[in-house]
Amino acid sequence: MSTPEDLRRHAPATQRNRAPILDVLRTYFQTTRRVLEIASGTGEHAVYFGSHLPHLDWQTSDLDPTARASIQAWLQDADIPNVHPPLALDVCKLPWPVRDLDAIVCINMIHIAPWAACEALFQGASQSLSPDGWLYLYGPFKRHGEHTAPSNEAFDQSLQQRDSAWGVRDLDQQIAPLAQQSGFCDPIVVSMPANNLSVLWRKNNPHEHFSSP
């Protein structure tokens, strides 16, 4: 008798980075409720964050059907009521089928996607977030035209060898102008293990002023 196929995928990096990311989300998402995760990948992050942050209403998404199957399998196994089955969301197809979000989370995506996906991410976030909503990115970044570590430079080269449209993005020279044009405040940058960064932008609200914790 055959056993059901386990569709859950595993990403080793998830085990290493999820606790530091959780610390950042706990700090800045204290009053956050509705969250959309872009490119949820295996689904491991969603299950981990959803279980540790039960006040969040976490919507998963991914364009890849194999990833969506993995996410669904993780959710069925974990049975976490505040994390929802994945949307087949293409970040580049605007407008997105979600509105009035308190936060958007995107982990390790923009360096393995064309620059147009990063542009669409900020445009879609601007359209879909409520005033004062958060956009959270995690991953490797350049700063002021330079890599922050030799390992990031080697990683960038390997990405571009796989696809010339991929690569580590420059937070200051590429992304900051894009964020400003899309209606976001100056970023909050948090150093993370393994030469990565957590970067948070809050959508501008002309009626309120926000001070970071």
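Here is a check on your reading of the model: is Arg26 modelled with pLDDT of 95 or more, in contact with a helix residue (DSSP H, G or I) (Cβ under 9 Å, 6 or more places away or on another chain) and basic (Lys, Arg)? I'd like the intermediate steps shown before the answer.
On the way: modelled with pLDDT of 95 or more: yes; in contact with a helix residue (DSSP H, G or I) (Cβ under 9 Å, 6 or more places away or on another chain): yes; basic (Lys, Arg): yes.
The answer is yes for Arg26.
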Restricted to the stretch 22-47 and to residues being under 16 Å from Trp201 (Cβ atoms) and of a type in the set (Val, Ile, Thr), the residue surrounded by the fewest Cβ atoms within 10 Å (Cβ to Cβ) is Thr27
Here the residues within the stretch 125-146 that are out of contact with any Lys or Arg (no Cβ under 8 Å at 6 or more places or on another chain) and surrounded by 19 or more Cβ atoms within 10 Å (Cβ to Cβ) are Tyr136, Leu137, Tyr138, Gly139, Pro140
Screening Leu63, Leu75 for residues that are over 29 Å from Leu171 (Cβ atoms), buried (at least 18 other Cβ atoms within 10 Å of the Cβ) and at pLDDT 95 or above leaves only Leu75
Taking the stretch 1-41 and keeping residues closer than 25 Å to Leu89 by Cβ, aliphatic (A, V, I, L, M) and either free of Cβ contacts under 8 Å to residues at least 60 places away in the same chain or part of a loop (DSSP other than H, G, I, E, B) (or both) leaves Leu7, Ala11, Leu22, Ala39
Subset of the stretch 151-191, residues out of contact with any Ser or Thr (no Cβ under 8 Å at 6 or more places or on another chain), closer than 19 Å to Ala116 by Cβ and hydrophobic (A, V, I, L, M, F, W, C), comes to Leu159, Ala165, Trp166, Val168, Leu171, Ile175, Ala176, Leu178, Ala179
Selection from the stretch 169-186 of residues farther than 13 Å from Gln123 by Cα, over 15 Å from the mean Cα position of the chain (by Cα) and part of a loop (DSSP other than H, G, I, E, B) yields Cys185, Asp186
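Among Ser164, Ser191, Ser182, which is modelled with pLDDT of 95 or more and within 16 Å of His111 (Cβ to Cβ)? Lay out the reasoning, then the answer.
Numbers: Ser191 fails: within 16 Å of His111 (Cβ to Cβ); Ser182 fails: within 16 Å of His111 (Cβ to Cβ).
That would be Ser164, the only listed residue that is modelled with pLDDT of 95 or more and within 16 Å of His111 (Cβ to Cβ).
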Going by the structure shown, is His207 at pLDDT below 95 and over 18 Å from Gly124 (Cβ atoms)?
-> yes
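Tally time: how many residues in the stretch 13-44 are within 22 Å of Thr66 (Cβ to Cβ) and of a type in the set (Lys, Arg)?
The first filter runs over the stretch 13-44 and keeps only residues within 22 Å of Thr66 (Cβ to Cβ), leaving 13-15, 17-18, 36-44.
Adding the requirement that they be of a type in the set (Lys, Arg) leaves 18.
Count: 1.
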When (1) over 26 Å from Thr14 (Cβ atoms); (2) surrounded by fewer than 13 Cβ atoms within 10 Å (Cβ to Cβ) are applied to Glu119, the one that fails is (2)
Going through (1) surrounded by 15 or more Cβ atoms within 10 Å (Cβ to Cβ); (2) of a type in the set (Val, Ile, Thr); (3) within 26 Å of Pro131 (Cβ to Cβ) one by one, Val189 fails only at (1)
Exception for Ser198 within (1) among the small types (Gly, Ala, Ser); (2) under 27 Å from Asp23 (Cβ atoms); (3) in a helix (DSSP H, G or I) falls at (3)
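Please enumerate the residues belonging to the stretch 42-64 that are assigned to a helix (DSSP H, G or I) and within 22 Å of Asp132 (Cα to Cα).
Our first condition is that a residue be assigned to a helix (DSSP H, G or I); within the stretch 42-64, this holds for 44-52.
The answer is Phe49, Gly50.
The values are calculated or read from the model by the stated rules, or taken from the named source; none is laboratory data. None of the values given here were measured: they were computed from a predicted structure. Cβ sites come from the backbone with ideal geometry, for glycine too, and all protein chains shown count toward neighbours.
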